[in-house]
1. Would you please put A:385-396, B:487-498 in order of how densely packed they are, using the mean number of other Cβ atoms within 10 angstrom per residue and starting with the highest?
2. In nm to one decimal, list the spacings between the A:Gly378 label point and its equivalents in the other copies, with label points set 7 Å along Cα to Cβ, shortest first.
3. With all protein chains present, calculate the accessible area of B:Asp40 using a 1.4 Å probe and round the result to the nearest 10 Å².
4. Evaluate peptide A:425-437: per residue, the Cβ atoms of other protein chains within 10 Å of its Cβ; return the mean as an integer.
5. I'd like the orientation of helix A:514-530 relative to chain A: the angle between its Cα long axis and the longest Cα principal axis, in ° from 0 to 90, rounded to 10.
6. Calculate one ³J(HN,Hα) per residue across segment B:174-184 by plugging θ = phi - 60° into the Karplus curve 6.51 cos²θ - 1.76 cosθ + 1.60, and present them in order as whole Hz with x for glycine and proline.
7. Taking amide H positions as placed in the peptide plane 1.01 Å from N, state which residues far from A:Gly47 in sequence (5 or more) or on other chains have amide H under 5 Å from it.
8. Taking θ = phi - 60°, what integer Hz values does the Karplus form 6.51 cos²θ - 1.76 cosθ + 1.60 yield along segment A:146-153, in sequence order, with x for Gly and Pro?
Number of protein chains: 2
Amino acid sequence: MRSFSVFPAFLLFLGPCVVALWPLPTQISTGTTALRLSADLQISLDGVRNAPADLRDAVARTRDFLRRDKLQLLVPDRGASLKSRITSAPLLRSLRVTLTGTEPTRPIAEEAIAAIETRQEGYTLNVPADGSAATLTATSTLGLFRGLTTFSQLWYDLDGDTYTVQAPFAITDAPKYVYRGFMLDTSRNYFPVADLKRTLDAMSWVKINTLHWHIVDSHSFPLVVPGFEHLSRLGAYNAASVYTVADVRELVQYAAVRGIDILVEVDTPGHTSVLHKAHPEHIACFEASPWTRYANEPPAGQLRLAAPATINFTASLLTSVAGLFPSKFFSTGGDEINVNCYQDDPATQAELQKQGKNLEQALDTFTQVTHKALQDIGKTTVVWEEMVLNHPVTLSNNTVAMVWISSANAQAVARRGHRLIHAASDFFYLDCGGGGWVGNHVTGNSWCDPFKTWQKAYSFNPTANLSPTEARLVLGGQQLLWAEQSGPSNLDNIVWPRAAASAEVFWSGPGGDGQAALSRLHDLAYRFVKRGVRAIPLQPEWCALRPGACDLNA
Amino acid sequence: MRSFSVFPAFLLFLGPCVVALWPLPTQISTGTTALRLSADLQISLDGVRNAPADLRDAVARTRDFLRRDKLQLLVPDRGASLKSRITSAPLLRSLRVTLTGTEPTRPIAEEAIAAIETRQEGYTLNVPADGSAATLTATSTLGLFRGLTTFSQLWYDLDGDTYTVQAPFAITDAPKYVYRGFMLDTSRNYFPVADLKRTLDAMSWVKINTLHWHIVDSHSFPLVVPGFEHLSRLGAYNAASVYTVADVRELVQYAAVRGIDILVEVDTPGHTSVLHKAHPEHIACFEASPWTRYANEPPAGQLRLAAPATINFTASLLTSVAGLFPSKFFSTGGDEINVNCYQDDPATQAELQKQGKNLEQALDTFTQVTHKALQDIGKTTVVWEEMVLNHPVTLSNNTVAMVWISSANAQAVARRGHRLIHAASDFFYLDCGGGGWVGNHVTGNSWCDPFKTWQKAYSFNPTANLSPTEARLVLGGQQLLWAEQSGPSNLDNIVWPRAAASAEVFWSGPGGDGQAALSRLHDLAYRFVKRGVRAIPLQPEWCALRPGACDLNA
């Protein structure tokens, strides 16, 4: 039995016996004994007082994965040479799940959306080699859920036997960072609810705990907001391309029982062109031409941030949206505010003159009013980095900033004392490298070329250039999909398995051995495909079966 | 009624009335009259003597598309404002199909695989505006099939009505180039037969007439070859990841009835590492390390081209494979021959010394013998450009060369007098820009960055830098998918709608207006999705509904 912490170099030499968990646990020891999983494995919740329904459902899903994954070992013979060891191996017949501590048992869904700094996601998992009961222990149902997720990744299939040849396992695990996210833009192109559910499933398999839902933008307004139904009626691409209140409720629950909080974003004051359809009075530079003067991408249009009526409208809208999402977090966006839009807008100029303010002062008022409305209902505001770095607006100290323009800006954000989430385009933007999407531009490629490989994301250091004090402000990070050239057709494969890279960086900590990670990531990608998520092959299968053989200097 | 040839600039200004055909016909005139398609449209083959079964099947598929596509017009209201015009429009109740000429009627499948210079793909299609019968006329069943394909793209759906508002149509069409292909690599990763069929369907919808099937390579040997069954038994990734003789027969037929010839490639003497599993005696530098010295990608391994036994083995193998594919074309590959592999191979060095030959002389013998074996059974050999440009080998004059390293090399190939197929990596490689796939290389991106956008492919000029005599040697061209990072998960969306770009360049001729093309390409992509091919959205839907609005200077 070998004992080691994350990322020992010699993992590479274990060959077929590399543990294929993703993200890698904080501590894991494995053995070399074969163990089979009984077809009628009992996952007992006797050790959980008042086991909640969502934990029981998680157990049922785990049993389903164990039965259906049928993933073969990624070695040239797919495990055939292990046949006799497997067929003569002891049978594991039960996994005993225990919730420790004295707190009343809460559902996973409740723990998953609690204040992020209070969540407990750790667990301990032991799988003996002799067939005696395995044990899973945690201080929270959320932790138990993470442990079940790990348990489901330990096993392979050979001719119908579900087995491992690395028993016993002793795993002690907890995340390094509290925020591990994935951002999806559903405005440029619409994604049906089924696609979001499948994405939430996939996220949960790599222990991502936040869906940052960039739900509306200038292109379309798919969200049905109570009291603001006209926005989606006029602003959705069509009547079917909406998220109803019932859809949102269902998705919030679907996410929460999978350990995922939904951080919704209503981007303001920019990225709001679509609101013009219902409220022309609130939008400046609507579809103004040339768009390159008024926006980073077409169509142009921004909230008339100086107008009191527009500020009130925005605060009411944000408040109503916030009521749909129980998360503590709410993002008001704040990126890419275009100054020309307001300079050329007579209404805004008149308003500024009337109030005796300049644009930045008006933005400050806009931000304070809209943020206060959210804070009054218990929300922690989240903004893109420009609101901290580029505009002299007053932000509450607990406002969280997302660093996107460049990872180098994390330091400046931290120096302002704000907690931050890494979402840097130079590491984490999944759309980069896919070619330019602007029309009539033969040689155009994406603004953030090149393609951000999983290796690039995986190489990220969350505390680079940060002092220890600044480093403590890092909540975590995420990969992001802007959907200019994405839709249901390519969602799975533009995201997976790449987005697992940040999931591991922010769970296991940075500095992982990319070489050893690759074979685990292959394993994950093939397992995703087995579970109905269309992850791409990262290499020829020949390479996937031969760890290291396709490395640069092999 | 407007009459115009391909790519008139004013197409752009027709707004919702742009004809969304892809590829654009040679000549088309359209009107502004609304016309509905009767739900029981009769497609009559009375004008075809002895109408073959595959033509009847093509008619049935056409009727299916007309019923099921239900594609809405790509305008902001999706055609709603046309409602009263549509509901009061005359009904088109029949399409009369006529085969002209005095030749006996042949099945599509027979015409599709005939010698490429003899094929007739042209047709004439007239759709009157008053509901009187439409007519489709051609001199071949293959031409009739192309016309049916066009007919199926004329229609939109509004509330269950299938309609156009551009009747009457008068279309006279024929391709500019005889070869319009798509290449798929099924060795790096395996694609099930169902994926190939779906791809053949999609190809036929844009009148691509050749699948260049790069069926085997160093990574795996999925083809079951009569008399050489051990190659796939030992060289396929697994027993299920093979193309059986029955699969190939089925695919050849599936392609042919859709107007598609299958040009199979067995790459030699490089890209053959996998043959070592069955025949170590024929492979030099097998999986030699470092692979960077011996191959452009792992694993290394090349046929011992100097050995008479290896030459005979290769000739027999190619002959047997050729027997599976009725196409006149057969590619022996010939790219990326690595010299170090042979320099460091004692067996090859000994053989060369014994024969008193240098490596190029041995390659000449190898090529002459293997090509003669194919020519003796009626095949026209196809090679990658190096066999023409980089090696002093004797090739028959009718050997066709595929230009891949750079489009600039077409001129040199043409100057050697060889017919050529454009397959240039700088325009047509679909895998570029997807990030490097070699392991442990954090900053590695694809060797052929950047991503080749559809615009780039569409901008291609097949006769650039060629004299009129040289230009006549251009058979056509194709886009290509090397599958290092592709599999069933992303096949559709890495290929479509991009690969339609070359389909139009080589059918309609180059120089198309990219701006006008974009809205037609959107239409095609959405139609593909309706038909079950997961094409990506090329832009936000907002842009797709507003032609030109997302252009660079809009």
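1. Per-residue Cβ counts within 10 Å, averaged per peptide and sorted highest first, yield B:487-498, A:385-396.
2. 8.0
3. Surface open to solvent at B:Asp40 totals about 90 Å².
4. 3
5. 90 degrees
6. Running phi through 6.51 cos²θ - 1.76 cosθ + 1.60 with θ = phi - 60° gives 6, x, 6, 10, 6, 10, 9, x, 8, 9, 10 Hz.
7. A:Val97
8. 4, x, 4, 4, 4, 4, 5, 9
The values are calculated or read from the model by the stated rules, or taken from the named source; none is laboratory data. Fair warning: this is a prediction, and the values are worked out from it, not measured in the lab. Ideal geometry is used to build each Cβ from the backbone, glycine not excepted, and the neighbour counts take in all protein chains shown. These accessible areas exclude ligands, DNA and RNA; they are computed on the full protein's heavy atoms, side chains included. Shrake-Rupley method; radii C 1.70, N 1.55, O 1.52, S 1.80 Å.
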